[in-house]
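A short worksheet on the structure shown next.
The values are calculated or read from the model by the stated rules, or taken from the named source; none is laboratory data. Note that the structure is a prediction, hence the values are computed from the model and not measured. Cβ sites come from the backbone with ideal geometry, for glycine too, and all protein chains shown count toward neighbours.
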Amino acid sequence: MKDIPIRKIKNPKKEPNFSENFSIRNVRDLLAGEDMVQELHRHDFFYILALEKGKGSHEIDFTSYKVCDHSVFFMRPGQVHQLTLKSQCTGYLMEFNSDFYHPLDKASNQHLRKVSSKNLCQLDANRLKKLFSILTYIFQEYCEKKEGYQQVIKANLGIFFIEHLRHRQNEKSSSSRVNHYAQEQLERFLELLETNISSHKQVSQYADLMNISTYQLNTITKSTVGKTCSDLIDEYTILESKRHLLATSKQINQIAYHLGYQDASYFIRFFKKHTGYSPDAFRHNFR
């Protein structure tokens, strides 16, 4: 039985309590004049690929993106992706886990959740220049490792997230009003969904975890993303199913059990209803 390959943070300079938790690399050096072609896999850490010059393709959770100049890709732990980069790409690849960046204040945690909620952001040259100045400083601190460099890196990560969110906010229409409470609750729900999907399939279960009513939770999801809470639960269940069907050799009943279904036939009917394919057919046609 083959499980989804999970990659750890790689760092040739082994350093206790740091190298396994944070890494930043120059993309030009990483490619070393050759194209990069990766197989489908997932990470157990946050992943940021910021490209000044970009060419290739990037598939994240079965959505395909074109890699272009001035691209910034964000990925959360657990997401599945497949990346192809051409040799002429330049930029930075930064990886870190929650053991490294775990701010205690609520605002900083929200910044990380918000910035990682969108997998791709295209920037103009001026905004990219500003973000790259922060990444270059982080890279310099990481290489030189002067006293207090870890704290400097963490502080600059926070600045990077704020600057990136400013760009995202500028993209939105000035006439649109954001219900910040609803957005925060949606992000909290999605976070719970990712960690509890195998055991929690009912709206009431998530409402209980959030100490709100099912009516309130449905109102929040409808007002923010235009979908019911049940829709989002089903969508994430299908996404996790696809991850295992395409990136592992697990049998269908094993995948069903992993996702909390004791009856594999029910899981097969559920999957076909939402995709038009049986799990076996989906694996055969899209692998």
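Listing for the model above:
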{"item": "Selection from segment 152-182 of residues that are modelled with pLDDT of 65 or more and among the aliphatic types (A, V, I, L, M)", "result": "Val152, Ile153, Ala155, Leu157, Ile159, Ile162, Leu165, Ala182"}
{"item": "Selected residue (only one of Thr228, Thr237, Thr219, Thr275 is surrounded by 18 or more Cβ atoms within 10 Å (Cβ to Cβ), closer than 30 Å to Gln183 by Cβ and either assigned by TED's automatic domain parsing to the domain that holds Leu40 or of a type in the set (S, T, N, Q) (or both))", "result": "Thr237"}
{"item": "Residue match in segment 121-128 (condition: part of a helix (DSSP H, G or I) and under 23 Å from the mean Cα position of the chain (by Cα))", "result": "yes"}
{"item": "Per-region count, segment 76-89, residues crowded, with 17+ Cβ neighbours inside 10 Å and under 23 Å from Glu34 (Cβ atoms)", "result": "5"}
{"item": "Residue that is nearest to Phe22 (Cα to Cα), among those in segment 120-146 that are touching a His at 6+ places or on another chain (Cβ under 9 Å) and crowded, with 18+ Cβ neighbours inside 10 Å", "result": "Leu131"}
{"item": "Only one of Tyr65, Tyr47 that is surrounded by fewer than 18 Cβ atoms within 10 Å (Cβ to Cβ), of a type in the set (Ser, Thr, Tyr) and farther than 18 Å from Thr248 by Cα", "result": "Tyr65"}
{"item": "Yes/no for Phe100 being in contact with a Lys or Arg (Cβ under 9 Å, 6 or more places away or on another chain), buried (at least 17 other Cβ atoms within 10 Å of the Cβ), among the hydrophobic types (A, V, I, L, M, F, W, C) and under 23 Å from Ile162 (Cα atoms)", "result": "yes"}
